[in-house]
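First comes the structure, then the notes that go with it.
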Amino acid sequence: MNTVVVIGGGASGIMAALTAAENKDNRVILLERQQRIGRKLLATGNGRCNLTNTGAAPGNYHGEQADFARPALARFSPQDALAFFHGLGLLTEEEYGGRVYPLSNSANSVLDVLRFALEKAGVDLRCACPARRILRRNGGGYTVVTDAGETDADALIVACGGAAGAKLGGVTDGYELLKPLGHKRTPLRPALTQILTAPDYPRALKGVRAAAVLRLTDGETALGENRGELQFTETGVSGPAAFDLSRAVAAGGEGLSLCADFLPEGADAFALLEKRRETFPGQPASELFTGMLHNRLGRMLVKYAGLEAARPIGSLTDNELRRAARACTAFTLPVRGVEGFDSAQVTAGGVRTAGFNPDTLESWFMPGLFVCGELLDIDGDCGGYNLQWAWASGRLAGRLGT
């Protein structure tokens, strides 16, 4: 019987352990540094667990060699992931943009069926058991040194996760464990996190949510664009529209700006405001965007446009309406950076994928060593893509090259 040791009880590690356990010739040991498995999983999707995205494709992933993700995603698609979870008794529902959640709207449901599956498969689960070192054995295989002693492995799967979400267990352990074995990493950056901006307008709009097209620019150069929900915070902006641009902000340096368009695609802002002037000339300018945008946002845009709030709308000139139109289609905030790893949902960067076979996730120069999940230099967009990578890469690693 072969002993397979999996380091890390997150999404990819659990999937790797379950896959390896399907081979009855394998004895599977799952080591987790925390008191329980899946703690970060419980926090995904604001506690609802956005467990996959039906539209997940290689183009949704990033890294030094982003195409590295293609074989794993092809062998375990979102439809395969859903079939797997349905087979465990989990009921799901699909929401906008292909996002899939458990029908219960609780991440606990996902973790519970995975725990039941681990128990049924006979996986030896060892919590509060952090791996400290990995040693290569002379006769082949590996020895994992933990606080409880040494555990020998014929095959080893490292699935420690990344540095993001430190309060929930995000660590750099995996990078340190693999470094003595010759596997280096790319620079690490927080991704899918809040963007920090000049705070004056966001602070006044704290808690306001709005649909927007958000563009990231460096002077005249466009660095990225995303449509979705934008939420204002005390220090900047968050929400899906901002999260997908945070990766570029973290890598982009100084002098960046965010530009938000709050109107639907194709809307003529000036024509809408002309109609408002014609229909409600006696209303104060503070009500210029009433019915179009959140009231607090509309009033802030009037201020941003430099208009006097008490002036009757009917007295506004065409040039003043054009200023207001630009305010709601090109609301610009200077960028100051991003929140750190504590708040980030995922790590951009990781162990260099050049050191692994994309068809198996086995090390090119350390036979029997596999790596999966966020630990690798692969990260996905916001909306279930990162958990899909966790399931797909964990599944591939757990096959142990077969």
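Taking the criterion of being surrounded by fewer than 24 Cβ atoms within 10 Å (Cβ to Cβ), in contact (Cβ under 8 Å) with a residue 60 or more places away in the chain and among the acidic types (Asp, Glu), the residues of the stretch 358-392 that qualify are Asp359, Asp381.
For every residue, the table says whether it meets (1) outside any helix (DSSP H, G or I); (2) closer than 23 Å to Tyr175 by Cα; (3) among the hydroxyl-bearing types (Ser, Thr, Tyr).
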position: Thr19; (1), (2), (3): no, no, yes
position: Lys24; (1), (2), (3): yes, no, no
position: Leu30; (1), (2), (3): yes, yes, no
position: Leu42; (1), (2), (3): no, no, no
position: Asn50; (1), (2), (3): yes, no, no
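Against the condition over 18 Å from Phe356 (Cα atoms), out of contact with any Leu (no Cβ under 8 Å at 6 or more places or on another chain) and open to solvent by 50 Å² or more (accessible area, probe 1.4 Å), how does Glu64 come out, does it pass? Break it down stepwise before answering.
Numbers: over 18 Å from Phe356 (Cα atoms): no; out of contact with any Leu (no Cβ under 8 Å at 6 or more places or on another chain): yes; open to solvent by 50 Å² or more (accessible area, probe 1.4 Å): yes.
No, not satisfied.
Given (1) at pLDDT 95 or above; (2) under 30 Å from the mean Cα position of the chain (by Cα), identify the lone condition not met by Phe289. Phe289 satisfies every listed condition except (2). The one condition from (1) open to solvent by 20 Å² or more (accessible area, probe 1.4 Å); (2) assigned to a loop (DSSP other than H, G, I, E, B); (3) in contact (Cβ under 8 Å) with a residue 24 or more places away in the chain that Gly161 does not meet is (1). Return yes or no: is Arg395 surrounded by fewer than 20 Cβ atoms within 10 Å (Cβ to Cβ), more than 19 Å from the chain's Cα centre (by Cα) and not in a loop (DSSP other than H, G, I, E, B)? Here the answer is no, as Arg395 does not meet what is asked. Is it fair to say Asp359 is among the acidic types (Asp, Glu), modelled with pLDDT of 95 or more and either farther than 30 Å from Thr3 by Cβ or assigned to a loop (DSSP other than H, G, I, E, B) (or both)? Answer is yes for this residue. Return yes when Asn138 is free of Cβ contacts under 8 Å to residues at least 12 places away in the same chain, open to solvent by 50 Å² or more (accessible area, probe 1.4 Å) and among the polar types (S, T, N, Q) and no when it is not. The answer is yes for Asn138. For the stretch 76-135, the strands (runs of 3 or more DSSP E) that sit wholly inside it and include 1 or more residues that are in contact (Cβ under 8 Å) with a residue 60 or more places away in the chain and open to solvent by 20 Å² or more (accessible area, probe 1.4 Å) are 99-102, 124-126. In the stretch 174-196 there is at least one residue that is within 30 Å of Leu301 (Cα to Cα) and open to solvent by 10 Å² or more (accessible area, probe 1.4 Å).
Looking at the stretch 206-273, what strands (runs of 3 or more DSSP E) fall wholly within it and have at least 1 residues that are free of Cβ contacts under 8 Å to residues at least 60 places away in the same chain and exposed (fewer than 14 other Cβ atoms within 10 Å of the Cβ)?
Details: elements: 209-218, 221-232, 236-238, 256-261.
In the stretch 206-273, 221-232 are the strands (runs of 3 or more DSSP E) which contain 1 or more residues that are free of Cβ contacts under 8 Å to residues at least 60 places away in the same chain and exposed (fewer than 14 other Cβ atoms within 10 Å of the Cβ).
Kindly provide the set of residues from the stretch 144-158 that are over 30 Å from Pro190 (Cα atoms), part of a strand (DSSP E or B) and open to solvent by 10 Å² or more (accessible area, probe 1.4 Å), ordered by number. Within the stretch 144-158, Gly149, Glu150, Thr151, Asp152, Ala155 meet the criteria.
The values are calculated or read from the model by the stated rules, or taken from the named source; none is laboratory data. The model shown is predicted, which means the values in this text are computed figures rather than measured ones. Neighbour counts are summed over all protein chains in view; Cβ atoms, including those assigned to glycine, are modelled from backbone coordinates with ideal geometry. For accessibility, only protein heavy atoms count, side chains too; no ligands or nucleic acids. Shrake-Rupley method; radii C 1.70, N 1.55, O 1.52, S 1.80 Å.
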